[in-house]
1. Would you mention how many residues in segment 14-30 are more than 18 Å from Val176 (Cβ to Cβ) and in contact with an Asp or Glu (Cβ under 7 Å, 6 or more places away or on another chain)?
2. Sort out for me the strands (runs of 3 or more DSSP E) sitting completely within segment 236-333 that have 2 or more residues that are among the aliphatic types (A, V, I, L, M).
3. How many residues, within segment 70-92, are of a type outside the set (S, T, N, Q), in contact (Cβ under 8 Å) with a residue 40 or more places away in the chain and touching a strand residue (DSSP E or B) at 6+ places or on another chain (Cβ under 7 Å)?
4. Which pairs have Cβ atoms under 7 Å, sit 6 or more apart or on different chains, and link a residue in segment 27-39 that is assigned to a strand (DSSP E or B) to one that is surrounded by fewer than 20 Cβ atoms within 10 Å (Cβ to Cβ)?
5. Can you find a residue in segment 152-172 that is free of Cβ contacts under 8 Å to residues at least 40 places away in the same chain and more than 18 Å from Met308 (Cα to Cα)?
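Throughout, read-outs are computed from the coordinates displayed, never taken from laboratory work. Computed from a predicted structure; not experimentally measured. A quick note on method: Cβ atoms are made from the backbone with ideal geometry, for glycine too, and the neighbour counts reach across all protein chains shown.
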Amino acid sequence: MTNGYIRLKNPPSILSSYSCVGSEEKKGPLGDRFDYYSDDNRFNKDTWEKSESEMQKIALFGAMQRAKINDTEIDILLAGDLLNQCVGSSFGLLSYDIPYVGLYGACSTCALGLALGSALYSGGIAEKIGAVTSSHYCSSERQFRFPLEYGGQRTPTSQWTVTGSGAFILGDGGNVKIPECVFGKSLDMGIKDINNMGAAMAPSAVQTIKSYFTETQHSPADFDMIITGDLGYEGSDILKDLLLKENIDIRSNHRDCGILIYDRDTQDKHSGGSGCGCSAAVISSHILKELNSGNLRDVLFIGTGALMNALTMCQGNSIPAISHLVRLTVKEV
């Protein structure tokens, strides 16, 4: 490993995936791509936190069904969310008989789970790995900002936490492989605005993308898509501007999960979507379907996360960020 970059000697495949979202996400441009949704965002539960846990349970069950396996065939389960101590994952996945590792990468957790699971597979430690993550708008607002009843005004740079979950099964025999990944480094640029996560996360995405291109000698033109998750409109503009200063131009093939998931004209989400479930839902549905259909052949996915909690915000701390990268490809590498 050099600067977090790993070229996997024995790359895993994504055997299956499953997505689960709320009503707003279903109304968005990718609505028909998601596997399961709830009209009232409750998923038949009586609290928002229980609803988030239920999303993970549904997503993992769907992914296992598609892979035609049961929980006893999964060697390890990597899961995380935005709630304190990752309780969305630990409570949601209690019924599965699988060794469990809780992850916290904030909104980068989907990429972190895929990268760590790929390393475990490539190293011969596990043959089948589950990777799951989620976020819920209502539980996240209550924890990080204000309960919904407060009716607080949102700033233009703020992002809307996606109600969604995505689950993946990694193993041998699938069409889409993960041959490379980069584990990012924490980076703190002094941003303190909790309503501008894009500005806090964009520099870490620059750091990880630059590291990948330096180590591999690839260029942006080598990929059909370079997709971040999730910088939103504000952070995506900052990312592209900062990369141009490094002579890296991703303007023609860059996409962002937080931009793709909502319609800017008909859904007022300000700077777009965010949350662990944002990239998880988009990658597990739309992007993998595009890869498996042949519309895409080679994609760089960079999951971006802000590593703060409610206490550090109240203490006036700045917001460290991290970005992890996984390459998703149907090409021989």
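1. Counting residues in segment 14-30 that are more than 18 Å from Val176 (Cβ to Cβ) and in contact with an Asp or Glu (Cβ under 7 Å, 6 or more places away or on another chain) gives 4.
2. Those strands (runs of 3 or more DSSP E) span 298-306, 321-329.
3. So the answer is 10.
4. Partner pairs satisfying both residue conditions: Tyr37/Ser23; Tyr37/Lys26.
5. Looking for residues that are free of Cβ contacts under 8 Å to residues at least 40 places away in the same chain and more than 18 Å from Met308 (Cα to Cα), one finds at least one in segment 152-172, hence yes.
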